[in-house]
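The values are calculated or read from the model by the stated rules, or taken from the named source; none is laboratory data. None of the values given here were measured: they were computed from a predicted structure. Please note: Cβ atoms are built from the backbone with ideal geometry, for glycine as well, and neighbour counts cover all protein chains shown.
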Protein chains: 2
Amino acid sequence: MSSFAETVENTRDTHVVVPPHIPAHQEAVNERDYGFLSKAVEEAYEGVRCGDGGPFGAVVVKDDQIIVRCHNMVLKNMDPTAHAEVTAVREACKKLERYDLSDCEIYASCEPCPMCFGAIHLSKMKV
Amino acid sequence: MSSFAETVENTRDTHVVVPPHIPAHQEAVNERDYGFLSKAVEEAYEGVRCGDGGPFGAVVVKDDQIIVRCHNMVLKNMDPTAHAEVTAVREACKKLERYDLSDCEIYASCEPCPMCFGAIHLSKMKV
């Protein structure tokens, strides 16, 4: 039986798929969003490849530049709070040396869980 | 004008107050709970005294022993996710070298926010 990482890799699709039958979604996910969202998905694959945790990634963007890209680190850090989004919030705060990320945006490979949603809200980031 | 820490210290009450008009609460908070809850409240005061963050504390209990006691570290760590409960989950996992805390309990000085509630849920702890 193949490993989880292999299974994910084998089913990998390099595109972020936006359902064509939802025009509002098509409009919402513009080229800029598409680029950052793709990086978040790349991180999700990277996390599985490394065995760091589940297939989830997130990037934090400031002034149109990615300042941190993170993936789920639950297994690596042995920390159930180390979801991709929480890790990204922490790393961005460390990098910018502040805890207010209101001038940043976050892109995640998956709908955030309640913990991550709370963390993003507390960081004041745009989603 | 007095500092926030002074204000909290001046209004300090060494007792955990359970509203007497809510009999169910009185029953629920037994002597054992009272002891651990008091330690969580002590941590909240300690956090303010140190200037580490807001007035929130939490303790993690295993086999009737406190294994970690933590307070809000948002200011000290410059990390908006470093609430007392999240910090306690992380520290307990580090101490026990695992990410499943289903044999532990958490006591917090305040009703957990959605992020902390999510973190506690993910750690599988009893509340």
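For region A:58-82, which positions are of a type in the set (S, T, N, Q) and more than 10 Å from chain B (Cβ to nearest Cβ)? I'd like the intermediate steps shown before the answer.
In the first step, residues of region A:58-82 are kept if they are of a type in the set (S, T, N, Q); the result is A:65, A:72, A:77, A:81.
Passing the criteria: A:Q65, A:N72.
Pull up region B:90-106, narrow it to residues that are touching a Lys or Arg at 6+ places or on another chain (Cβ under 7 Å) and part of a strand (DSSP E or B), then point me to the one that is surrounded by the most Cβ atoms within 10 Å (Cβ to Cβ). I'd like the intermediate steps shown before the answer.
We begin by selecting, within region B:90-106, every residue touching a Lys or Arg at 6+ places or on another chain (Cβ under 7 Å); these are B:100-105.
Then keep just the ones that are part of a strand (DSSP E or B); that gives B:104-105.
Working: B:C104: 21, B:E105: 15.
If we take residues in region B:90-106 being touching a Lys or Arg at 6+ places or on another chain (Cβ under 7 Å) and part of a strand (DSSP E or B), then B:C104 is surrounded by the most Cβ atoms within 10 Å (Cβ to Cβ).
Being free of Cβ contacts under 8 Å to residues at least 40 places away in the same chain, within 26 Å of B:C93 (Cα to Cα) and away from chain B (no Cβ under 14 Å) is the filter here; which residues of region A:30-57 pass it?
Initially, region A:30-57 is screened for residues free of Cβ contacts under 8 Å to residues at least 40 places away in the same chain, giving A:30-32, A:34-35, A:38, A:42, A:45-47, A:50, A:52-54.
Subset that is within 26 Å of B:C93 (Cα to Cα): A:45-47, A:50, A:52-54.
Of everything in region A:30-57, those that are free of Cβ contacts under 8 Å to residues at least 40 places away in the same chain, within 26 Å of B:C93 (Cα to Cα) and away from chain B (no Cβ under 14 Å) turn out to be A:Y45, A:E46, A:G47, A:C50.
Identify, by number, the condition in (1) assigned to a helix (DSSP H, G or I); (2) within 10 Å of another protein chain (Cβ to nearest Cβ); (3) more than 20 Å from A:A119 (Cβ to Cβ) that B:A119 doesn't meet.
Only one criterion in (1) assigned to a helix (DSSP H, G or I); (2) within 10 Å of another protein chain (Cβ to nearest Cβ); (3) more than 20 Å from A:A119 (Cβ to Cβ) is unmet by B:A119, namely (3).
Let's see how each residue does on (1) modelled with pLDDT of 95 or more; (2) away from chain B (no Cβ under 14 Å):
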| site | (1), (2) |
| --- | --- |
| A:P19 | no, yes |
| A:P23 | no, yes |
| A:A28 | no, yes |
| A:A84 | yes, no |
| A:L96 | yes, no |
| A:D100 | yes, no |
| A:Y107 | yes, yes |
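Looking at (1) touching a strand residue (DSSP E or B) at 6+ places or on another chain (Cβ under 9 Å); (2) surrounded by 24 or more Cβ atoms within 10 Å (Cβ to Cβ); (3) facing another protein chain (nearest Cβ under 10 Å), find the lone condition where A:K124 falls short.
(2)
Might you check whether a residue that is over 28 Å from A:V89 (Cβ atoms), in a strand (DSSP E or B) and at pLDDT 95 or above occurs anywhere in region B:63-78?
If we filter region B:63-78 for residues that are over 28 Å from A:V89 (Cβ atoms), which is where we start, we get B:63-66.
The next check asks that each one be in a strand (DSSP E or B); those that pass are B:65-66.
Now drop any that are not at pLDDT 95 or above, which leaves B:65-66.
Yes: one or more hits.
Tally up the residues in region A:107-116 that are outside any helix (DSSP H, G or I) and surrounded by 15 or more Cβ atoms within 10 Å (Cβ to Cβ), please. Full working, then the answer.
Step one: filter region A:107-116 for residues outside any helix (DSSP H, G or I), giving A:107-113.
Adding the requirement that they be surrounded by 15 or more Cβ atoms within 10 Å (Cβ to Cβ) leaves A:107-110, A:112-113.
The number of residues fulfilling the criteria is 6.
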